[in-house]
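The values are calculated or read from the model by the stated rules, or taken from the named source; none is laboratory data. If you're wondering where the values come from, they're calculated on a predicted model, not measured in any experiment. Cβ placement follows ideal geometry from the backbone for every residue including glycine, while neighbour counts extend to all protein chains displayed. Each accessible area value is taken on the protein alone, full model and side chains, heavy atoms only, with ligands, DNA and RNA left out. Shrake-Rupley method; radii C 1.70, N 1.55, O 1.52, S 1.80 Å.
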Amino acid sequence: MKILVAKSAGYCFGVRDAVKIAYQTSKNKGDVYMLGTIVHNERVVEDLSKSGAKVVSNLEEVPKNKSILFRAHGTAPEVWNKAKDKNMDVVDATCPLVIEIHEEIKKLENEGRRTIIIGDHGHDEVEGIAAQVKKPIIIANVKEALALKKMKKAGVVSQSTQMIENVQEIINILMQKVYDLRFVNTICYPTRRNHEEIKELAEICDVMIIIGSFTSANSKRLTQLSLQRNKQSYQVTKSSELKESWFQGSQTIGVSAGASTPDETINEVVDQLKLYCKNLEKEAVYG
């Protein structure tokens, strides 16, 4: 049997940097407070809490003279301004690629365009993007795109972890709805690379394992992409959720993980898979 682990599985650089900043801040300054979970992974949030990085829902919950950490997904300008007015010690862990999306959508608005975001309703990153401009339209799927009224001038960005297939289908519809349409492809490179790898792995492996929290849109999209190509695809959050029966008669097992999945969890899953492989031929990195 073979185990093939996607090269880009797990933390993207934005998440890795944000988690590192949180640990360093709690170590250097004592307790640090995060406005919402820093990433969509329960293990990471729990481990950070033990180290002194705690989750709060608003600025009022942060004790006086304590640091507030703004997470990788991005933060609304009004929250930034409020923190400055309160003279709070702000630690910025926003992903640089998310900051780029904020800048792009503001440029589109400055061009006099109605702004459109292709992304998941209620997602932290999407809400952060939407807060950068006035009255943006959020479109999650083709059905919502079809329901959109025609307009003269619009500009489009996407959530960084969207699937290119979904974005392409929506853009094809918007091209028929908008006379003057400008689209900025803001799907981040780590996402594109991870998606391409899992598409290839799902085609050549008997069984696919995707590791990631079910609160993670990124992880759920990987599972969706894999299932479209391989019905023997399973999403797990940790090694104990694996079932040996999934691998009976299999020769090749593919493994990938969402951008908020820590290395420790991936290693634990792979170690458990090795126990199921009676005759492990090799473990290799794919991509």
Going through the stretch 204-228 one residue at a time, which ones are open to solvent by 10 Å² or more (accessible area, probe 1.4 Å) and either part of a helix (DSSP H, G or I) or among the basic types (Lys, Arg) (or both)?
-> 204, 217, 218, 220, 221, 223, 224, 227, 228
Going through the stretch 125-147 in order, the residues found to be in contact (Cβ under 8 Å) with a residue 24 or more places away in the chain and part of a loop (DSSP other than H, G, I, E, B) are 131, 132, 133, 134, 136, 141
Do any residues in the stretch 5-28 that are more than 23 Å from residue 203 (Cβ to Cβ) and basic (Lys, Arg) have Cβ atoms under 9 Å from those of residues that are outside any helix (DSSP H, G or I) and open to solvent by less than 40 Å² (accessible area, probe 1.4 Å), where the two are at least six apart or on different chains, and which pairs are they?
-> 16/10; 20/93; 27/52
Please specify each residue of the stretch 237-282 satisfying the condition of being more than 19 Å from residue 1 (Cβ to Cβ) and outside any loop (DSSP other than H, G, I, E, B).
-> 240, 241, 257, 263, 264, 265
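Could you tell me which of the residues 1, 34 is touching a residue at least 24 places away in the same chain (Cβ under 8 Å) and either more than 15 Å from residue 260 (Cβ to Cβ) or surrounded by fewer than 18 Cβ atoms within 10 Å (Cβ to Cβ) (or both)?
Working: 34 fails: either more than 15 Å from residue 260 (Cβ to Cβ) or surrounded by fewer than 18 Cβ atoms within 10 Å (Cβ to Cβ) (or both).
Of 1, 34, the one residue that is touching a residue at least 24 places away in the same chain (Cβ under 8 Å) and either more than 15 Å from residue 260 (Cβ to Cβ) or surrounded by fewer than 18 Cβ atoms within 10 Å (Cβ to Cβ) (or both) is 1.
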Return yes when residue 99 is of a type in the set (A, V, I, L, M, F, W, C), within 17 Å of residue 186 (Cβ to Cβ) and either open to solvent by 20 Å² or more (accessible area, probe 1.4 Å) or without any contact (Cβ under 8 Å) to a residue 24 or more places away in the chain (or both) and no when it is not.
-> yes
